[in-house]
Amino acid sequence: MIDKLHVLNVINTALEGSDKFLVDFRITTDNRIFVSIDGDNGVVIDDCIALSRAIENSLNRDEEDFELNVASAGLDTPLKLQRQYRKNVGRDVVVTTQDGEVIEGRLEEADDQHITLRLPGKKNATAEPRTIAYADIRTAKVAIRFN
C-alpha cells in the first residue's frame, strides 16, 4: 500500500510557495491516487503536470504499481475550503444548507466563520444580504452562467 503521508508531504512541498493549494486527496485500496488542486489565480495544465511529476518521481513503480490522477477543481465541483470561497467573492453561487434549503446569490464576503450572499431583490428593491456559517453549508457551487 502506498504511504498516504509520504504522498501528502510531496504534494505540500510541491505546492509550497505558490498560490496553488490542495483541495482533495485520496488513495484507494487498489493504489489509485486522486489529487485535486486549486489556485488563487486558477490552475493551468502545466500546474497539474508539475505536481503529477513530483508525485510520480517520489514513488517507485518497481515496488508498487499505481494510477495517478492530478486535476484542477473545476467550476462544477463543490467549494470545500474557505480559500475557495474567498477566491470566488463576486461570483454567483448556489448553496444548499444542511436542512436542504437552496440559496442562490452573489458571494459578497467569505471570512473565517461564514459567507455572506447578496440575494436578488424583488422588482425595484435592493438586494438583501444573507449570512451563512460554513457549518450550515452542505454544498456550494459556483453558478455557471451562459449569457
### Query
Taking the range 29-38, which residues are without any contact (Cβ under 8 Å) to a residue 40 or more places away in the chain, surrounded by 14 or more Cβ atoms within 10 Å (Cβ to Cβ) and assigned to a strand (DSSP E or B)?
33, 34, 35, 37
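Have a look at 67, 56, 108 and point out the one that is touching a Pro at 6+ places or on another chain (Cβ under 8 Å) and modelled with pLDDT of 95 or more. If you could, list the steps in order and put the result at the bottom.
On the way: 67 fails: touching a Pro at 6+ places or on another chain (Cβ under 8 Å); 56 fails: touching a Pro at 6+ places or on another chain (Cβ under 8 Å).
The conditions single out 108.
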## Note on the structure
For the range 1-28, the count of residues that are modelled with pLDDT of 95 or more, more than 16 Å from residue 84 (Cβ to Cβ) and not in a helix (DSSP H, G or I) equals 5
### Summary
Among strands (runs of 3 or more DSSP E) entirely inside the range 42-147, those with 2 or more residues being of a type in the set (Asp, Glu) and farther than 30 Å from residue 13 by Cβ are 102-110
### Query
Can you name the number of the only condition in (1) small (Gly, Ala, Ser); (2) within 19 Å of the chain's Cα centre (by Cα); (3) farther than 15 Å from residue 139 by Cα that residue 54 fails?
(2)
### Task
Would you tally the residues in the range 112-140 being without any contact (Cβ under 8 Å) to a residue 12 or more places away in the chain and acidic (Asp, Glu)?
1
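For every residue, the table says whether it meets (1) touching a helix residue (DSSP H, G or I) at 6+ places or on another chain (Cβ under 7 Å); (2) of a type in the set (Val, Ile, Thr); (3) under 30 Å from residue 3 (Cβ atoms).
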position: 43; (1), (2), (3): no, yes, yes
position: 55; (1), (2), (3): yes, yes, yes
position: 63; (1), (2), (3): no, no, yes
position: 84; (1), (2), (3): no, no, yes
position: 88; (1), (2), (3): no, no, no
position: 99; (1), (2), (3): no, no, no
position: 102; (1), (2), (3): no, yes, no
position: 118; (1), (2), (3): no, no, no
position: 130; (1), (2), (3): no, no, no
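The values are calculated or read from the model by the stated rules, or taken from the named source; none is laboratory data. Computed from a predicted structure; not experimentally measured. Ideal geometry is used to build each Cβ from the backbone, glycine not excepted, and the neighbour counts take in all protein chains shown.
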